[in-house]
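Here it is, the structure, as structure tokens.
Read-outs throughout are calculated quantities, based only on the coordinates presented, and are distinct from any laboratory measurement. As the structure is a computational prediction, the values presented were derived from the model and not from experiment. When we count neighbours, we look across all protein chains shown, and the Cβ atoms used for this are built from the backbone with ideal geometry, even at glycine.
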Amino acid sequence: MYELTVSKSFSAAHILCGYPGDCARLHGHTWTVQVKVKGEELDNLGMLVDFKAIKKELMNLIDQFDHRFINDLDGFGDGGVNPTAENLAFYIYRSLEKPVEALRAGIRMKEVSVWESPDAYATYWEDK
Ligand SMILES: Nc1nc2c(c(=O)[nH]1)N=C([C@H](O)[C@H](O)COP(=O)(O)OP(=O)(O)OP(=O)(O)O)CN2
Ligand SMILES: [Zn+2]
């Protein structure tokens, strides 16, 4: 079994609604998103899948967050979920699962991790 990991960062602001502390106030982070995929068979180039292809899918997705107020985006904030690292990891996993797995037969999403700061991150994965 092989595992590939790619990471990209974006800058965005958020508010944690109902949070009993300073994170309930408007503030920003340079968020880092790490995506892991897994699979068993390498192609004739010796790759599970091209890093560039996964990075392209990740960039397409996280562009919607860059230099935005996340609470204003569909699915987050009022009427949606709080923009925590956990909820972003879930959203990104579910959004990338199909496009990434379509890149090559046998590729599976493994997990998505989201860092709000260098010392704190959340990971979402599904057993498959
Ligand atoms: N389980 C979670 N806990 C917290 C989240 C989260 O998404 N999931 N988010 C926050 C806030 O967004 C906060 O801005 C980030 O907290 P933290 O990483 O602790 O960053 P600080 O800059 O506040 O770092 P300190 O080390 O605490 O100074 C809070 N909790
Ligand atoms: Zn925060």
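Which residue pairs have Cβ atoms closer than 6 Å, lie 6 or more positions apart in sequence or on different chains, and pair a first residue in region 28-54 that is farther than 17 Å from VAL6 by Cα with a second residue that is away from ligand 1 (no atom under 16 Å from the Cβ) and of a type in the set (Gly, Ala, Ser)?
Sorted first by the residue in region 28-54, then by its partner, the pairs are GLU41/GLY106.
Could I ask something else about it? GLY21: within 16 Å of ligand 1 (Cβ to nearest atom) and out of contact with any Leu (no Cβ under 9 Å at 6 or more places or on another chain), yes or no?
yes
Can you tell me how many residues in region 8-62 are assigned to a loop (DSSP other than H, G, I, E, B), within 16 Å of ligand 2 (Cβ to nearest atom) and β-branched (Val, Ile, Thr)?
1
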